[in-house]
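Below: one structure, written as structure tokens.
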Amino acid sequence: MNILFQKKILLIICGGISAYKSLELIRLLKKQDVQIKTILTKNAKKFVTPLSVASLSQEKVYDDLFNSDNEAEMDHISLSRWADLILIAPATANTIAKLSSGSSDDLASTVILASNKEIFLAPAMNVRMWEHESTKKNIKILKSYGYRIIGPDIGDMACGEFGEGKMSEPQEILFETKVYFDQLNKNKKLKALVTAGPTNEYIDPVRFITNKSSGKQGYAIAQSLVKRGFQTTLISGPTNIKINNNIDLIKVKTADEMLKATQKSLPVDVAIFSAAVADYKIKEKNSIKIKKNDNLNLKLEKNVDILNYVSNHNSLRPKLVIGFAAETNNILENAKKKLIEKNCDWIIANDVSNESIGFDSNFNEVSIFYKNKKIKDEKLTIKKKSEISEEIVDRVIEQLN
Ligand code: PMT
């Protein structure tokens, strides 16, 4: 089976000596029946001609943000929506810097900024430029946006120097593209469930007990799963986050509702429990608002542990059950205890003693503890929650495979 058959790839060629390799890349992709649209930056046209690109891709070449013909035919937003994948090859130091800062002063950078698609970059530049601190920083930023970097290779350069910075060979870029679509296809057959956010346990119609969870970590995990092709159900307590349409979102308020929604969503292949579920609920909720002078005597009872319920399910236990643990002290001991008590496959522990990460922050730092002793426990140091999510999903895919 040709995994690339009729896939739509938007190829962006930037101005560097290795732009000539992009012609070979187009030829290889066309051989796989890929539909290719191409954007040439102003400097790319000094290295390859629009005519040669158009002849090989059998498509019109786009080059100008303010060309009314281009915009009438396919505007810069539609161009990025059209693609299944955006490939930037070669990606120069200048384009990398522009993308990392969110600049959008030409068609290529505008399309990328407006894109909601997977973006692959094949950097190409002189070794010193590649090793420069600013390029390293920019690449790190692009990785944090979820862009994938292919190469660069080490070798003799067109400028006469030797080192890392050569654009990966077209065959290698083709291979990475195939791997991506192949994995996406496999993931499309898989179902994932994520719980996120806090729960509200009502005392009376207007008051409840809750916690500081914003849902950011769980939503980011669901977004990463969808991006990789998983059919994803997100069961969320009350949050203010807006999400991707491709996620099947079930909104709940209480732990009981979260349990019911979880039960209805089974079976799944992987379940990730990042919600901060209240351990207790009010035994007898007041049906009318409690008055200040009422004698307040709240009786609590335990909520069902949803993670525990799922990981001990006889027939519907997912292949991979992942719990979270928010800890302020004895992180290692407490997390390992939860791993065993809740019978899950991994526990992802966050240190929430530091108020700037964890609950209601855009950042997190986690340690992953595995039940399978053959896999080494690991720590993901402080990063954006979106980056932590990407790394978690990388590991999920690895284990499900
Ligand atoms: O939402 P954010 O602001 O982005 O913050 C993210 C987070 C810190 C809330 C998240 O990363 C996290 O750590 N979630 C788990 C929080 C927690 O309080 O865990 P716990 O130790 O109470 O529970 C352990 C595990 O059991 C969790 O996977 C939890 O979802 C699950 N659980 C707990 C109780 C219960 N009744 N049902 C459950 O499923």
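Please list log₁₀ I(q)/I(0) at q = 0.15, 0.23, 0.25 Å⁻¹ for region 148-237, using the Debye equation with identical point scatterers on the alpha-carbon positions.
Once normalised to I(0) and log-transformed, intensities are -0.76, -1.05, -1.12.
Quick one: net charge of I347's neighbours, Cβ under 11 Å, K/R +1, D/E -1?
Numbers: positive: K336, K337, K338, K342, K371; negative: E327, E341, D345, D377.
Neighbour charge sum, excluding I347 itself: +1.
Counting DSSP beta bridges with both partners in region 174-269, what percentage is antiparallel, nearest 5? Could you put the intermediate results ahead of the total?
Details: 3 of 13 bridges.
Once the DSSP bridges in region 174-269 are tallied, antiparallel ones form about 25 percent.
Out of the chymotrypsin sites (Phe, Trp or Tyr not before Pro) in region 35-138, which ones are loop residues according to DSSP with at most 10 other C-beta atoms within 10 Å? Please list the in-between numbers first.
Details: sites: F47, Y62, F66, W82, F120, W130; in loops: F47, F66.
When the chymotrypsin sites (Phe, Trp or Tyr not before Pro) of region 35-138 are filtered for loop state and at most 10 Cβ neighbours within 10 Å, F66 remain.
Pull out the extension gain between Q263 and K242, defined as 0.36 nm times the separation in residues minus the alpha carbon to alpha carbon distance; nm, one decimal. Mind dumping the intermediate values first?
On the way: separation 21, 0.36 × 21 = 7.56 nm, distance 2.42 nm.
Additional length available on full extension: 5.1 nm.
Roughly how many nanometres apart are two label points built 7 Å out from the Cα toward the Cβ at D279 and I340?
1.8 nm
Strictly over 21 Å apart at the Cα level, which of K212/K292; K140/K379; K21/K140 would you flag in this model?
Over 21 Å apart, Cα to Cα: K212/K292; K21/K140.
If each of L300 and L249 carries a label point 7 Å out from its Cα toward its Cβ, how far apart are those two points in nm?
Here the modelled spin labels are 3.0 nm apart.
Considering only DSSP beta bridges whose two residues both sit in region 188-400, what percent are antiparallel, to the nearest 5? Write down the numbers at each step before the final one.
Values: 16 of 41 bridges.
For region 188-400, the DSSP antiparallel bridge percentage is about 40.
What are the extents of the Cα atoms of region 1-142 along their three principal axes, in Å, largest first?
That works out to 39, 32, 30 Å along the principal axes.
Which GluC sites (Glu not before Pro) does region 121-177 hold that lie in a coil by DSSP with at most 15 other beta carbons within 10 Å? Could you put the intermediate results ahead of the total?
Values: sites: E131, E133, E161, E164, E172, E176; in loops: E161.
Within region 121-177, the qualifying GluC sites (Glu not before Pro) (loop, at most 15 other Cβ atoms within 10 Å) are E161.
Using a 7 Å offset from Cα along Cα-Cβ at D75, what residues in region 242-271 end up with backbone N under 17 Å from the label point?
Counting only backbone N, you get no residues.
Order 280-290, 339-349, 136-146, 93-103 from most to least packed using the mean count of other Cβ atoms within 10 Å.
Numbers: 280-290: 13.0, 339-349: 20.9, 136-146: 15.5, 93-103: 18.3.
Highest mean packing first, the order is 339-349, 93-103, 136-146, 280-290.
D for the chain, whole µm²/s, Stokes-Einstein with Kirkwood Rh over alpha-carbon pairs at 20 °C and 1.002 mPa s: what number? Please report the intermediate quantities before stating the final value.
Details: Rh = 23.5 Å.
D, rounded to a whole number, is 91 µm²/s.
Any chance you could give the angle, 0 to 90 degrees and rounded to 10, that helix 255-265 forms with the longest Cα principal axis of the chain?
With rounding to tens, the tilt is 50 degrees.
Looking at region 229-325, what % of its DSSP beta bridges pair antiparallel, to the nearest 5?
Details: 3 of 11 bridges.
Counting DSSP beta bridges with both partners in region 229-325, the antiparallel share is about 25 percent.
Is any residue of region 109-135 close enough, with backbone N under 18 Å, to a label point placed 7 angstrom from the Cα of I141 along the Cα-Cβ axis, and if so, which?
So the set is 109-115, 119-124, 129-135.
If you average the alpha carbon positions of region 369-400 and of region 178-242, how far apart do those two centres end up, in angstrom?
17 Å
What nm distance separates the two modelled labels at K8 and D64, each placed 7 Å from Cα along Cα→Cβ?
Distance between the two pseudo-spin positions: 2.5 nm.
Among K117/K253; K31/K188; K264/K302; K283/K383, which pairs are too far apart, with a Cα-Cα distance over 29 Å? The partial results should precede the final answer.
On the way: K117/K253 32 Å; K31/K188 25 Å; K264/K302 21 Å; K283/K383 40 Å.
Where the Cα-Cα span goes over 29 Å, the pairs concerned are K117/K253; K283/K383.
Quick one: ranking H132, H313 by accessible area, 1.4 Å probe, largest first, what do you get?
Of H132, H313, the descending order of accessible area is H132, H313.
The values are calculated or read from the model by the stated rules, or taken from the named source; none is laboratory data. Computed from a predicted structure; not experimentally measured. Counting neighbours? That spans all protein chains shown, and the Cβs are built from the backbone with ideal geometry, glycine included. With ligands, DNA and RNA removed, areas are computed over all heavy atoms of the protein, side chains included. Shrake-Rupley method; radii C 1.70, N 1.55, O 1.52, S 1.80 Å.
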